[in-house]
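Each remark here refers to the structure printed beneath this line.
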Amino acid sequence: MESENTNKNIIVGRNPVLEALRNDREIEKILVGKGAEGSIKKIVGMAKDKKIPVTMADKPILDRLANGSPHQGVAAYVSSYGYCDVEDILQIAKERGEAPFIILLDNLEDPHNLGAIMRTAEVCGAHGIVIPKRRSVGITDVVVKASAGAVEYVACAKVSNLAQTIDELKEKGIWIYACDMDGEPYYKTDLRGAAAVVIGSEGHGISRLVKEKCDFVVSIPMAGKITSLNASNAAAVLMCEVRKQRDAGKL
């Protein structure tokens with residue numbers, strides 16, 4: 001049971017925070033008291049495994065966050081964002097009378113990239129974004145700010161297994177396009193139908209299993225000395241091409 005707190009986005013106490021970690025609750029960051037021992041080490045270890053930021057904090061800060069509740073040297077900021085299901089994203093496409101246009105993010109970790117991708121997705125008319133539950137950034141305050149308000153309009157689903165989700169989308173007639181370096185130039189690829197574009201993480205790109213599940217691999221030709229774009233730039237190029245081809249098909 002969570003400790004009583006006037007701020008519903010903050011959990012305090014060792015057991016409540018541990019339970020939130022075990023249940024994969026969306027946690028933006030965890031604050032721990034300086035010099036804290038015991039189960040705090042377990043909390044820190046679990047947080048690092050899940051790529052959740054951990055910050056050292058003085059006791060007065062934790063006291064203020066706890067608002068009189070026993071914090072035992074730890075507090076966690078949890079997300080208030082309401083995630084949806086993949087089916088909800090498909091329903092949005094159906095209600096608009098459009099072929100599904102979905103962005104799949106494979107273990108993206110930079111919140112600024114996610115925010116920028118959400119902003120472009122909203123502008124380009126994507127029906128939603130799908131992210132993994134583990135080892136991936138969620139909707140944090142940084143993401144909200146970077147999205148410039150787009151987070152309020154773009155549906156975002158969290159899934160346990162991205163590869164399995166791709167299989168399910170393919171069964172529904174959606175073509176899956178991986179953005180990677182060894183594919184056909186994106187502007188030579190027909191992106192007009194039901195499409196899901198996969199963007200990889202900043203440092204490692206698309207994982208082998210996810211890439212194997214994709215129907216096509218598309219690349220962005222590089223003419224300069226720098227041989228890659230960051231995730232949000234690559235996503236923007238692909239999303240704008242999808243929008244361009246769809247609009248051209250209406251003429």
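Things to note:
- Selection from region 79-109 of residues that are in a strand (DSSP E or B) and more than 15 Å from the chain's Cα centre (by Cα): Phe101
- Residue satisfying all of: in region 167-186; within 21 Å of Thr120 (Cβ to Cβ) and in contact with a Lys or Arg (Cβ under 9 Å, 6 or more places away or on another chain); most open to solvent (accessible area, probe 1.4 Å) among these: Asp180
- Restricted to strands (runs of 3 or more DSSP E) entirely inside region 110-188, those with at least 1 residues that are farther than 27 Å from Ser80 by Cα and not small (Gly, Ala, Ser) are 175-185.
- Arg64 meets all of the listed conditions (1) open to solvent by 30 Å² or more (accessible area, probe 1.4 Å); (2) in contact with a strand residue (DSSP E or B) (Cβ under 8 Å, 6 or more places away or on another chain) but one, namely (2).
- Test: Arg246 is basic (Lys, Arg), in contact (Cβ under 8 Å) with a residue 12 or more places away in the chain, open to solvent by less than 50 Å² (accessible area, probe 1.4 Å) and not in a strand (DSSP E or B): yes
- Residue that is modelled with the lowest pLDDT [pool: residues in region 19-35 that are farther than 16 Å from Ser79 by Cα and open to solvent by less than 30 Å² (accessible area, probe 1.4 Å)]: Gly33
- Contacts under 6 angstrom Cβ, first residue in region 113-136 being crowded, with 19+ Cβ neighbours inside 10 Å, partner basic (Lys, Arg), 6 or more apart: Cys124/Arg243; Ile131/Lys158
- Enumeration of residues in region 123-136 that are touching a helix residue (DSSP H, G or I) at 6+ places or on another chain (Cβ under 7 Å) and at pLDDT below 95: Pro132
- Members of region 73-85 that are open to solvent by 30 Å² or more (accessible area, probe 1.4 Å), in contact with a strand residue (DSSP E or B) (Cβ under 8 Å, 6 or more places away or on another chain) and modelled with pLDDT under 90: Tyr77, Tyr81, Tyr83
- Glu202 being farther than 21 Å from Leu90 by Cα and either open to solvent by 10 Å² or more (accessible area, probe 1.4 Å) or of a type outside the set (S, T, N, Q) (or both): yes
- Scanning region 46-65 for residues that are within 21 Å of Thr140 (Cβ to Cβ) and not in a loop (DSSP other than H, G, I, E, B) yields a total of 12.
- Residues of region 50-95 that turn out to be polar (S, T, N, Q), within 15 Å of Glu28 (Cα to Cα) and in contact (Cβ under 8 Å) with a residue 40 or more places away in the chain, as a count: 2
- Test: residue in region 145-153 that is touching a Pro at 6+ places or on another chain (Cβ under 9 Å), in contact (Cβ under 8 Å) with a residue 40 or more places away in the chain and of a type outside the set (Asp, Glu): no
- Given (1) over 30 Å from Ala194 (Cβ atoms); (2) in a helix (DSSP H, G or I); (3) of a type in the set (A, V, I, L, M, F, W, C), index of the condition Ile30 fails: (2)
- Yes/no for Ala99 being crowded, with 22+ Cβ neighbours inside 10 Å, under 17 Å from Ala196 (Cβ atoms) and in contact (Cβ under 8 Å) with a residue 60 or more places away in the chain: no
The values are calculated or read from the model by the stated rules, or taken from the named source; none is laboratory data. None of these values were measured; they are calculated from a predicted model. Don't worry about glycine lacking a Cβ; one is built from the backbone with ideal geometry, like all the others, and counts go over all protein chains shown. Protein only, heavy atoms only, side chains kept; ligands, DNA and RNA dropped before computing areas. Shrake-Rupley method; radii C 1.70, N 1.55, O 1.52, S 1.80 Å.
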